[in-house]
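Okay, structure first, notes after.
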Amino acid sequence: MKISIYKQVVLSLRAGLLLLLLIAGSSHAQIPAAPQQQPIIFTNATIHPLTDLPIQAGMLLVEEGKITALGTNLEVPPNARIIDLEGKHIYPAFIHARNLLGLTEIGAVPVTSDFNERGNINPNVRAQVAFHPESSHIGVAAAAGIGLVVSTPSGGIISGLSAAMLTDGWNYDDMTLKAPAGLIINWPNMLNNRNLAKELEELQQAFNKARRYHHAHKANPQLPVDSRWDAMRGVFEGELPVFIHANEISQIQAAMSWAEKEGIQMVLTGARDAAYVAHQLAQHDIPVVITPVISGPARQWDYYGASYAMPAKLHEAGVKFCIAGDFGAASTYRLSLHAAAAVAFGLPEQEALKAITLYPAQILGLDKLMGSLAPGKDASIIITDGNPLEFATQIEKMFIQGREIDMQSKHHQLYHKYRQKQEQSK
């Protein structure tokens, strides 16, 4: 008996959803933390503000989700919860500046992915709306110290609008810290002569239409709204950065020239060959989001450690940059390993720490909220037993906006499960 194509599609969708439910049901369900109920004061910790020297035997006071004081002799509020952290360290929570977290779950099950829309021009796609707060990858990332991730749509030429999402919350509204975070452009392949002219023309036409729409609406706000071009108005107001993904030298240089001509605020992502044009990037004050550091050479003649050494080269050239690590959601948790690899190839340790905390916050325009420890900033912190760039260091606790989050991720569950197997085999 033949099955119609429609029925085959329905059956495959049902099978995919069933597989997703089975996998989700077998993993630990993290419960989002309740809002902070009382002042919390951390004592006897080494506090690393990252904008100043570490504070030995320090105290950090958190009230209503904000850091209100840090130092060595703070007054303890009478109703405060006191957490003694003798021998421990406090750092800002990590920020992953480019990732698919919340937009995809299982690569082999297409219905669990929502990051690539049909067509080449989709500026109105909003990452936060597609963000799935029940993703098991979110808990794994949070347990690895990542408090914020920029969920980034992909595909086409203009992919959509990214969003800066917290790694704890009941729904996407709770988890959205900033949306939009930026407009995403994938620069065309400069070596593909067949499609290059067509794709560049398509990109230029989109910007021309969006700019005309912006000027028309500025002159007459009563005009009908077009959601595609309305999504780009922040670009022309200078409020919304444009994250241009480009890796090869000619791509990067072409993107820089085009951004200058268009008068837009460009941020380079990917940036595999950025070290070769570092002085140009510094001269034009173009920030770079490195994705990834842990990677092999792209060409036969490349130095095997070219990707590992790039952060140090950008730092030496005076380029603003941050490290974003892997793009895949399942590998989000490896962010600190990318920063550690950069240290092994010449990047100063403090710069590596800032590259996954302070610098992404600055590039995203979120440094008044996150990225360092100071009064007035969100109490999004990690508590460790050592340097978080060391492989053996454990992240023992994390607070997001003063809320102590559940650290028991799917990875922890599997670790304890197979540890029991080893115990039983003795």
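Among the residues of the range 268-313, just one is modelled with pLDDT of 95 or more, out of contact with any helix residue (DSSP H, G or I) (no Cβ under 6 Å at 6 or more places or on another chain) and acidic (Asp, Glu), namely Asp285.
One residue is enough: does the range 324-340 have a residue meeting the conditions among the aromatic types (Phe, Trp, Tyr) and closer than 17 Å to Ile184 by Cα? First the steps, then the outcome.
At the first step, the residues of the range 324-340 found to be among the aromatic types (Phe, Trp, Tyr) are 327, 333.
If we keep only those that are closer than 17 Å to Ile184 by Cα too, we end up with 327.
So far as the range 324-340 goes, yes, one or more of its residues are among the aromatic types (Phe, Trp, Tyr) and closer than 17 Å to Ile184 by Cα.
Against the test of being in the same structural domain as Arg272 (by TED's automatic domain parsing) and under 20 Å from the mean Cα position of the chain (by Cα), the options Leu191, Leu183, Leu200 yield a single qualifying residue, Leu183. Applying the set (1) closer than 17 Å to Val242 by Cα; (2) part of a strand (DSSP E or B) to Leu177 leaves exactly one unmet item: (1).
Considering every residue within the range 8-30, establish whether at least one is among the β-branched types (Val, Ile, Thr), modelled with pLDDT of 80 or more and under 30 Å from the mean Cα position of the chain (by Cα). No: zero hits.
Quick grid of which residues meet (1) in a strand (DSSP E or B); (2) surrounded by 24 or more Cβ atoms within 10 Å (Cβ to Cβ); (3) touching a strand residue (DSSP E or B) at 6+ places or on another chain (Cβ under 8 Å):
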position: Ser331; (1), (2), (3): no, no, no
position: Val343; (1), (2), (3): no, no, no
position: Gly346; (1), (2), (3): no, no, no
position: Glu351; (1), (2), (3): no, no, no
position: Leu366; (1), (2), (3): no, no, yes
position: Glu390; (1), (2), (3): no, no, no
position: Met398; (1), (2), (3): yes, yes, yes
position: Gln413; (1), (2), (3): no, no, no
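Just checking, does the range 207-218 include any residue being among the aliphatic types (A, V, I, L, M) and within 17 Å of Asn124 (Cα to Cα)? Steps first, answer last, please.
Of the range 207-218, the ones among the aliphatic types (A, V, I, L, M) are 210, 216.
With the extra rule that they be within 17 Å of Asn124 (Cα to Cα), the set shrinks to 210.
Within the range 207-218, one or more residues are among the aliphatic types (A, V, I, L, M) and within 17 Å of Asn124 (Cα to Cα).
In a residue-by-residue description of the range 375-388, the property of being under 19 Å from the mean Cα position of the chain (by Cα), in a loop (DSSP other than H, G, I, E, B), closer than 13 Å to Ala144 by Cα and in contact (Cβ under 8 Å) with a residue 12 or more places away in the chain applies to at least one position. Filtered by the rule that a residue be modelled with pLDDT under 95 and of a type in the set (D, E, K, R), the range 65-78 gives a lone residue, Glu75.
Among the residues examined, Gly371 does not qualify as more than 21 Å from the chain's Cα centre (by Cα) and at positive phi. When Gly318, Gly365, Gly386, Gly376 are checked against the criterion of being assigned by TED's automatic domain parsing to the domain that holds Leu85 and farther than 27 Å from Gln30 by Cβ, a single residue qualifies: Gly376.
Within the range 162-202, restricting attention to residues that are among the polar types (S, T, N, Q) and touching a residue at least 24 places away in the same chain (Cβ under 8 Å), the residue that is surrounded by the fewest Cβ atoms within 10 Å (Cβ to Cβ) is Asn171. Remark: Val111 falls outside the filter, which requires a residue to be touching a Pro at 6+ places or on another chain (Cβ under 6 Å) and over 26 Å from Ala33 (Cβ atoms).
The values are calculated or read from the model by the stated rules, or taken from the named source; none is laboratory data. Values in this document were obtained by computation on a predicted structure and should not be read as measured data. Every residue, glycine as well, gets a Cβ built from its backbone with ideal geometry; the counts of neighbours run over all protein chains shown.
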